[in-house]
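Inspection log for the structure reproduced underneath, given as structure tokens.
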Amino acid sequence: MSAENTVKEAAPGVEGTAEIHRRGLMLVLSSPSGAGKTTISRQLLERDENLQMSISVTTRPPRPGEVDGRDYYFITPERFHEMVENNELLEHAQVFGNYYGTPRGPVEEALSKGRDVLFDIDWQGTQQLRENARGDLVSVFVLPPSAAALEERLRSRAQDSDQVIAGRMAKAAEEISHYPEYDYVIVNHVLRKSVSQAEAILRAERARQSRLIGVSDFVARLKADL
Ligand code: 5GP
């Protein structure tokens, strides 16, 4: 089932009038690991009450400091395959030898209530969302300002082994080659500016005509008074 068919209840009115409602949107941020998209995501979430994070399931083990149910739902490969079989995932992919996926239920509920959902998923997952939920999707690719900055950020996390870091650097070139599939590109040079760019994208996309519900009635009433 496409996410398009799930409008169940009235969304909050859009800015300017309570008569026009809006379906939520899916804001996807993708980038190679270490380009800073997690930090951008956190700041966006802190600053925007109508935005909520999609918490993925993964079969990879938690990193130090990661919390089950906050950063990911850490599940077994068996449970993952069961979720795929039961169509419980909106998209899923294998990344660095582990499985990742987006639980469908929370996303569809949020969109129908006019809430926006932020996704930190890779290009494979974004391709699936583009196929299944094109009208709801706003995709942003975050690029590092340089290869040196990317490596520096991967090392400063100090959570992965040298071998894992080397693997992620090698993967970065491949991931970056998918940037033309995205609607927007942000080069994450200065974090504050990147966050403000992402906010601008979100603000503009919220006003997109195709997302609005009730405009034709609003305009009809407006015309009647002219
Ligand atoms: P990490 O293991 O560093 O948290 O994530 C590795 C990669 O998996 C990142 O590029 C991240 O965007 C991607 N990822 C995380 N969750 C999902 C998901 O639910 N679906 C897909 N397709 N990719 C994901």
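The values are calculated or read from the model by the stated rules, or taken from the named source; none is laboratory data. This is a predicted model, so every value here is computed, not measured. Ideal geometry is used to build each Cβ from the backbone, glycine not excepted, and the neighbour counts take in all protein chains shown. Keep in mind that these areas ignore ligands, DNA and RNA; they rest on the heavy atoms of the full protein, side chains included. Shrake-Rupley method; radii C 1.70, N 1.55, O 1.52, S 1.80 Å.
Going from most exposed to least, what order do 17, 102 have by accessible area with a 1.4 Å probe?
Result, largest first: 17, 102.
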Exercise. Would you tally the net charge around residue 199, using a Cβ to Cβ cut-off of less than 14 Å, leaving residue 199 out, and scoring K and R as +1, D and E as -1?
Key: +1
Quiz item: So how do 72, 182, 99 rank on accessible area, 1.4 Å probe, biggest first, that is with the largest at the start?
Solution: 99, 72, 182
Self-check item: Where 183, 225, 136, 162 fall by accessible area, highest first, once all protein chains stay in place (1.4 Å)
Solution: 225, 162, 183, 136
Quiz item: For the range 70-198, what does the alpha-carbon gyration tensor say about shape, rounded, prolate or oblate, given a ≥ b ≥ c as the root eigenvalues, a/c under 1.5 as rounded, and a/b over b/c as prolate?
Solution: oblate
Practice problem: Give the relative contact order (percent, whole number) for the chain; include only Cα pairs under 8 Å separated by 6+ residues. | Solution: 31 percent
Self-check item: Computed over the chain, Kirkwood Rh from alpha-carbon pairs, angstrom
Solution: 18.7 Å
Quiz item: For the range 25-70, which GluC sites (Glu not before Pro) are in a loop by DSSP, counting at most 12 other Cβ atoms within 10 Å?
Solution: 49
Quiz prompt | Taking the range 112-226 and dividing mean pair separation by its residue count, relative contact order in percent (alpha carbons under 8 Å, at least six apart) | solution = 32 percent
Quiz item: Over the chain, what percent of the accessible surface lies on carbon and sulfur atoms, probe 1.4 Å?
Solution: 51 percent
Practice problem: Please give the per residue accessible area of the chain, computed with a probe of 1.4 Å over protein heavy atoms only, in Å². | Solution: 53 Å²
Self-check item: residue 155-residue 131 FRET efficiency (beta carbon distance; Förster radius 30 Å; 0.05 resolution)
Solution: 0.25
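How big is the charge dipole of the range 95-226 about its Cα centre, in debye rounded to the nearest 20, if each Lys and Arg gets +1 on its Cβ and each Asp and Glu gets -1 on its Cβ?
440 debye
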Practice problem: For every other residue with a beta carbon closer than 15 angstrom to the beta carbon of residue 87, add +1 if it is Lys or Arg and -1 if Asp or Glu, then tell me the sum. | Solution: -4
